[in-house]
Amino acid sequence: MTNVLTPVLSDNWDADRPWTRESYERSGGYQALDTALRMQPDEIVALVKESGLRGRGGAGFATGMKWGFIPKDNPNPKYLVVNADESEPGTCKDIPLMMASPHTLVEGVVISSYAIGAHTAFIYVRGEVLHVIRRLRAAVQEAYAAGHLGKNIHGTGYDLDVIVHAGAGAYICGEETALLDSLEGRRGQPRLRPPFPAVAGLYASPTVINNVESIATVPSIVRNGAEWFGSMGTEKSKGMTLYSLSGHVTRPGQYEAPLGITLRELLDLAGGVRNGHKLKFWTPGGSSTPLLTDEHLDVPLDYEGVGAAGSMLGTKALQIFDETTCVVRAVLRWTEFYKHESCGKCTPCREGTWWLVQVLARLEKGQGSEEDLDQLLDQCDNILGRSFCALADGAVSPIDSSLKFFRDEYVEHLRQGGCPFDPMASTLFSPVGATA
Amino acid sequence: MTVTPSKAGSNAPAPQDLVTLTIDGIETSVPKGTLVIRAAEQIGVQIPRFCDHPLLAPVGACRQCLVEVAMPGPDGELRTMMGPPGRVKPQASCTLPVAEGMQVKTQLTSPIADKAQQGVMEQLLINHPLDCPVCDKGGECPLQNQAMTNGRGESRFQEVKRTFPKPINISAQVLLDRERCVLCARCTRFSEQVAGDPFIALVERGALQQVGIYEKEPYRSNFSGNVIQICPVGALTSADYRFRARPFDLVSTPSVAEHDSGGAAIRVDHRRGKVVRRLAWNDPEVNEEWITDKDRFAFHYANRPDRLTHPQVRDGETGELRPASWPEAFAVAARGLRAAGRVGVLTGGRLTREDAYGYAKFARVALGTNDIDFRSRPASAEEEQFLASRVAGRGLGVTYTDLERANAVVLLGLEPEEEAGTLFLRLRKAYRAGGTRIFAVAPFTSNGLRKLGATVVKAAPGEEVPAIEQLAHDGELALDGGGVILVGERLATVPGALSAVAVLASQTGARLAWVPRRAGDRGALDAGCLGSVLPGGRPLADAGARVDVGAVWGSTVPTVPGRDTDGILAAAAAGELGGLVVAGVDLDDLADPTAARAAVASAGFVVSLELRASAVTEHADVVFPVAPVAEKPGSFVSWEGRVRPFEKVLEGSNAVPDVRVLAGIADELGTPLGFQTIEAAAAELDEFASWDGERAADPTVAASPAAPAPAGSHRLATWKTMIGDGPMQDGDPAYHASGPTPTVLVSAATLESLGAAVGDQVELSTDTGTAVLAVGVADLADDVVWAPTSSGGVNLGRDLGAGAGSAVRLSLVPAAAPAVQEAM
């Protein structure tokens, strides 16, 4: 088959020590910055708008449009905040990117800050990934030393300071307003909107918050143009992106490809489901996106395609589960995660996830009746869209979707009075050929 | 004709500021910015809620108030607000402002909203204990009530509830049962937004989120009781009331707080003839929905064992007080007062307006004297003139609402957080709203002033006058007709200060209000309990005023100007006065408590009208028990000049008001008062129309430069803390424990020169005596120290003979040597 991969962000990952400035510059790094600094900031915003770049953090909001919301007449300083609090189960693209080529992000930060008129930018990195924080800080230091950051960047008179901030490991801090509260030194809990961050974000000043991959994509657009970017992907989902394959797959990892590729194609590239097993279910974009099954192998993995299939593209974190996996068990584990990560601010999320875990734990042990399944769906109905932020919406996605596709498996637990699966068989270290 | 709308009249919104929307099919127009939940209330639709509170910023945390909302699109077509694909997303009505053409469907008309609300209610209840039968809130609980109206009857939850060890102390007074908490953040938002007191916050996350305190600093607030009242469940309770009563066994009566001049509306709950708790009542013009801890918790004084229950007269043979019948006591009192000849009258701050009027008339009509003074504290002739010219009988002046509209408020001789808590909260609201700047002449930046964002003009005690004079020329302050000057009673002790205040007000056009500490003071002044002031602020010196008063009284008014409190006591000690009538005066509050005790002890004949045994009853020849505020009707006059009437709470009480006792004595004296009841006294007082004649002139006392402190001493700045000593605060250990540690504040340099660290014990001394207090640091001048006037058993006047401006010495108390272990 033809290789459909389009390595741009990951193009230099196999270079010698790609995380160094020297290596990055050898492959053309920081040239886009030169180009950008010769442009007017508005021209860069227009370029990004024209490229059709959509936020890679999950929601897919048009990046250029977000930048355009920054009010010009606000006397407060403007801030760029990069959301690097990658914490969702299955999602694993930003951390490898920052680990392999932190300068790609740094260059993107400078260009994006220049475009929105910010002179201070923050990169809020998930606290657990200390190795990435170190690497990112080293890169920022190198960039300062080389004149890519600091005062009078590239002799243009533009100043920018970049602060790499280590979070404390709360999933909720990936929610942009909770991130801002955390960055300001408060407890990470989402803020009431309006005001929106573009008007009153960090320190009540106009703030743009973008995902790592979105910002890291900006230099390539400046370098190659909007048309080049738009030549990849689909009509409304343009460009290339990182697909992260994990779980029961032969060669897990990052696959950078145009938006709209299918799981079937990606699985081919990744050597298929492990050990000759069959695909049972998968998440298109992390645990918050409703599950899909082997019926959906040919769904185009762009925002529209996955949406039409009843799920969301999310962070393009494709977690692959084969037929050895108990879906009830997987869903319970995810739900435990959401219960643990609920910030506690609003009732549906705080109390709802507490209850869901207990019901699912009971069901996994085969205790209960089919009425409990209907009650479980009703509990989800009372959470979805009722909470303060989207965390709880994500929490019910796996439950709703697993009951949609695998209700029989839940019933089987109840019938047998326990889990019909061998949990060992689904582990990655299980012997070849083990069956459920 | 051009009409310039007055500022006060601009409250009603112009029609263009109204927004029209539909709620449950009913069209309504409300001011722009109104939240949907409030708009619904206005048409009588109650949307259930927990975190929402009209006086706190919206938070949208509990999600109980979800409603279905549709908005007109650009084409005018209504579009229901949607959430996750294909689903209607009900909106939190407590955070959503109204919009033109909006269509709201509450639980009454939208099955989706109804189900959403039922769902949230079920979620709130899964971790809530079913201990309503033993919970203080049971029977008056928003969770209980709304679970009945907007919840399902049976719970589907059969799993394990979250539990916590219970309860924990948020403070000595406030207890927290965490498992009952619904995490609405009302308490933490109140503390942050309204009171400004930190160290109570939400901690942890998820279902383990809880209200927490900081381990190293206590939650200390003069307003902590409000968090108990606004808690929508029984999570926060008071040590004082916990497990004391069931709400449905209580009888509730609206009343007015008697602890400061704020005039706060309260609700008094009693059972079987005893008050068991007090709550804030909602009066948007006065205290909104907040009261101080003193107003809430300090009510046990009326039930102390030393409460007087029957008249007593001093036995001629034993020299001891013995019980007497009312007729005997009246007769003995009248006989003694007649024999005493000239008699002075001292009244204290607990008097209601009606009782004060009784004393004012009793002094003039029955005793034939103007020797009467309500100021049971350090005072001055300058103050008397200031009160006569600027305050007495002026009616409603500057109001709470005016403070919110003022461009600047100047605080002189006033520490609102400690001396007028209700006023403090309104000032803080005005400050937070951003339109009102607050300035204070004070010896240091107190916590209270910091919470008001006040600009502090530093002045050592006795040096306030130059600072006040400067304010007129302060470019930053730019005091003008939009400003308000609030003067505390403490300024009376600074010669020239009140004269300077009158000049400042005249020069700048700023409005002026006098803020006494005590609830009864303004009413007593208006009723005529002051030597030179007759009822309604009429000046004694004015013949027309005397005629006015004489006409109502049917007798002539004595013309000799009266002595003030210190003068009356000195005259009694010197034998110039043969007798004293004393009511509600704590001698320790006076400028020289020792001299006052001696004067009362040596006075020829003393009649005491009191609630409880006191230093005065000890020496009195006749003691009459009188009713505390809960056992009589009456009114107080707030610092605004607002009359605050209240009804008798304990209907079964036989205790009589001061007026009745005075009438009994007056009858025996053959000079009847003309009234025997509060109602009759009030009716007669109301006969005095407002005085439209000449008033006393402003005082013009020159400032006298304060003497510098002698070498090795410091000048004392002092005022009373809200929670402190005083007979009307007796009886609630938790209340006292929740107060501040009595602390001497010194400058950092003084602390260093003492060799002390914050929290160490220091000795404060004068030639009269010594007191040991903890030491703390504030931005005081090096030669000034501050200490609470009467806290923790230390009364500076009584124990040190010291008041504001006195020279005091400081020394470090060596830490106690560790106990030596016995030899083996």
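Take the residues in the range B:95-114 that are out of contact with any strand residue (DSSP E or B) (no Cβ under 6 Å at 6 or more places or on another chain) and of a type in the set (A, V, I, L, M, F, W, C), then tell me which one is farthest from the other protein chains (Cβ to nearest Cβ). The residue in question is B:Leu108.
Residues checked against (1) among the charged types (D, E, K, R); (2) farther than 20 Å from B:Ala696 by Cβ; (3) open to solvent by less than 10 Å² (accessible area, probe 1.4 Å):
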{"residue": "B:Ala519", "(1), (2), (3)": "no, yes, yes"}
{"residue": "B:Cys529", "(1), (2), (3)": "no, no, yes"}
{"residue": "B:Gly536", "(1), (2), (3)": "no, no, no"}
{"residue": "B:Val552", "(1), (2), (3)": "no, yes, no"}
{"residue": "B:Ser555", "(1), (2), (3)": "no, yes, no"}
{"residue": "B:Gly562", "(1), (2), (3)": "no, no, no"}
{"residue": "B:Glu576", "(1), (2), (3)": "yes, yes, no"}
{"residue": "B:Ala583", "(1), (2), (3)": "no, yes, yes"}
{"residue": "B:Asp586", "(1), (2), (3)": "yes, yes, no"}
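Annotation note: of B:Glu418, B:Glu404, B:Glu476, B:Glu382, the sole residue that is open to solvent by 10 Å² or more (accessible area, probe 1.4 Å), touching a Pro at 6+ places or on another chain (Cβ under 9 Å), more than 30 Å from B:Pro535 (Cβ to Cβ) and not in a strand (DSSP E or B) is B:Glu418. If you check A:Gly276, A:Gly314, A:Gly272, A:Gly305 for being closer than 26 Å to A:Pro190 by Cβ, small (Gly, Ala, Ser) and not assigned by TED's automatic domain parsing to the domain that holds A:Lys365, only one passes: A:Gly314. Candidates in the range A:326-339 are the residues that are open to solvent by less than 10 Å² (accessible area, probe 1.4 Å) and more than 12 Å from chain B (Cβ to nearest Cβ); of these, the one that is farthest from B:Leu125 (Cα to Cα) is A:Cys326. Figure legend. Inter-residue proximity from the range A:178-199: first residues under 21 Å from B:Thr188 (Cα atoms), second residues among the acidic types (Asp, Glu), beta-carbon distance below 6 Å, spacing 6+ or different chains. Indicated pairs: A:Gly188/A:Asp181; A:Pro190/A:Glu175.
For the structure I just gave you, tell me whether B:Ser690 is surrounded by fewer than 19 Cβ atoms within 10 Å (Cβ to Cβ), over 29 Å from the mean Cα position of the chain (by Cα) and either modelled with pLDDT of 95 or more or among the hydroxyl-bearing types (Ser, Thr, Tyr) (or both). Against the criterion (surrounded by fewer than 19 Cβ atoms within 10 Å (Cβ to Cβ), over 29 Å from the mean Cα position of the chain (by Cα) and either modelled with pLDDT of 95 or more or among the hydroxyl-bearing types (Ser, Thr, Tyr) (or both)), B:Ser690 does not qualify. Scoring B:Pro699 on the criteria (1) closer than 28 Å to B:Leu396 by Cβ; (2) free of Cβ contacts under 8 Å to residues at least 60 places away in the same chain; (3) surrounded by 20 or more Cβ atoms within 10 Å (Cβ to Cβ) leaves a single failure, condition (2). All conditions but one from (1) within 9 Å of chain A (Cβ to nearest Cβ); (2) open to solvent by 60 Å² or more (accessible area, probe 1.4 Å); (3) not in a loop (DSSP other than H, G, I, E, B) apply to B:Pro85; the one that does not is (3). Considering the range A:287-306, the residues that are in a loop (DSSP other than H, G, I, E, B) and of a type in the set (Asp, Glu) include one that is nearest to the chain's Cα centre (by Cα), namely A:Asp302. Just one of the numbered conditions (1) in contact (Cβ under 8 Å) with a residue 24 or more places away in the chain; (2) touching a helix residue (DSSP H, G or I) at 6+ places or on another chain (Cβ under 6 Å); (3) more than 18 Å from A:Val132 (Cβ to Cβ) is not true of A:Lys49; which one? Single failed check for A:Lys49: (1).
If we scan the range B:205-228, do we find a residue that is assigned to a loop (DSSP other than H, G, I, E, B), open to solvent by 40 Å² or more (accessible area, probe 1.4 Å) and at positive phi? For the range B:205-228, residues assigned to a loop (DSSP other than H, G, I, E, B), open to solvent by 40 Å² or more (accessible area, probe 1.4 Å) and at positive phi: absent.
Considered as a group, the residues in the range A:161-203 that are more than 18 Å from the chain's Cα centre (by Cα), within 14 Å of chain B (Cβ to nearest Cβ) and among the charged types (D, E, K, R) include one that is farthest from A:Ser87 (Cα to Cα), and that residue is A:Arg193. The helices (runs of 4 or more DSSP H) found entirely in the range A:59-144 that carry 2 or more residues being more than 22 Å from A:Tyr243 (Cα to Cα), of a type in the set (A, V, I, L, M) and open to solvent by less than 50 Å² (accessible area, probe 1.4 Å) are A:102-116.
Just one of the listed residues (B:Glu159, B:Glu192, B:Glu140) is away from every other protein chain (no Cβ under 14 Å), farther than 13 Å from B:Leu236 by Cβ and not polar (S, T, N, Q), namely B:Glu140. Checking the structure you have, find out if any residue of the range A:264-280 is in contact (Cβ under 8 Å) with a residue 40 or more places away in the chain, under 21 Å from A:Asp400 (Cα atoms) and either more than 14 Å from chain B (Cβ to nearest Cβ) or surrounded by fewer than 22 Cβ atoms within 10 Å (Cβ to Cβ) (or both). Among the residues of the range A:264-280, at least one is in contact (Cβ under 8 Å) with a residue 40 or more places away in the chain, under 21 Å from A:Asp400 (Cα atoms) and either more than 14 Å from chain B (Cβ to nearest Cβ) or surrounded by fewer than 22 Cβ atoms within 10 Å (Cβ to Cβ) (or both), which makes the answer yes. Being under 27 Å from B:Arg715 (Cα atoms), more than 21 Å from the chain's Cα centre (by Cα), modelled with pLDDT of 95 or more and surrounded by 22 or more Cβ atoms within 10 Å (Cβ to Cβ) is a property that holds for B:Val494.
All of (1) open to solvent by less than 40 Å² (accessible area, probe 1.4 Å); (2) more than 25 Å from the chain's Cα centre (by Cα) hold for B:Glu320 with one exception: (1). Only a single item in (1) in contact with a Lys or Arg (Cβ under 6 Å, 6 or more places away or on another chain); (2) of a type outside the set (Val, Ile, Thr); (3) more than 11 Å from every other protein chain (Cβ to nearest Cβ); (4) open to solvent by less than 10 Å² (accessible area, probe 1.4 Å) is not met by A:Ser342, and it is number (3). Scanning the range A:345-397 for residues that are hydroxyl-bearing (Ser, Thr, Tyr) and either more than 8 Å from chain B (Cβ to nearest Cβ) or assigned to a helix (DSSP H, G or I) (or both), we see that the one that is surrounded by the fewest Cβ atoms within 10 Å (Cβ to Cβ) is A:Ser369.
The values are calculated or read from the model by the stated rules, or taken from the named source; none is laboratory data. As the structure is a prediction and not an experimental result, all values here were calculated from the model. Note that each Cβ is placed from the backbone with ideal geometry, even for glycine, and that neighbours are counted across all protein chains shown. Surface areas here come from the heavy atoms of the whole protein model, side chains and all, with no ligands, DNA or RNA. Shrake-Rupley method; radii C 1.70, N 1.55, O 1.52, S 1.80 Å.
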